[in-house]
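Just so you know, all these numbers are worked out from the coordinates, no wet-lab data involved. Computed from a predicted model, the values in this text were never measured in an experiment. Cβ placement follows ideal geometry from the backbone for every residue including glycine, while neighbour counts extend to all protein chains displayed.
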């Protein structure tokens, strides 16, 4: 039998930890000896408390609410709960199970979707104050461009594109 010095040292430390000494007791068979030298690792921790994904989904739609904030609320209620990365991963898996889709088919450049998303970005110039920016998708053709509009209420915001 060829064992390294490290392996023999490891077994001797395990025997000392288990309270074994030489000569071994006569009633000690191989199974008992193995279970004393190599005890089974503790089992997996009990299942963590699942968050209320519906509530988190509704809260995530609110302005200024981030996944970090939702996770901190969850961790304050359940300190033994999921860590942030697992929380986000499970939320994304849950969201995929909803199978939400807009289901629109269109050719590139045929339709324009304008999204007034998020907080406004103040922009000042010498002549005007623009406080209602618009976000537009990148055009499919290189000669199209996007520009700032003074308002999103007037009819001009969607005619000249």
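Calculate the FRET efficiency for residue 67 and residue 40 from the Cβ-Cβ distance with a Förster distance of 30 Å, rounded to the nearest 0.05.
So the FRET efficiency works out to roughly 0.20.
On full extension of the chain, what length is gained from residue 49 through residue 77, given 0.36 nm per residue of separation minus the C-alpha to C-alpha distance?
9.1 nm
In what sequence, highest mean first, do 5-12, 21-28, 78-85 appear when ranked by Cβ atoms within 10 angstrom?
Highest-to-lowest ranking by the protection proxy: 78-85, 5-12, 21-28.
Translational diffusion coefficient, Stokes-Einstein: compute it for the stretch 1-102 using the Kirkwood radius over C-alpha pairs as Rh, at 4 °C and 1.567 mPa s, and state it as an integer in µm² s⁻¹.
70
Could you please rank 65, 13, placing first whichever residue has the fewest other Cβ atoms within 10 Å of its Cβ?
Sorted ascending by nearby Cβ count, the order is 13, 65.
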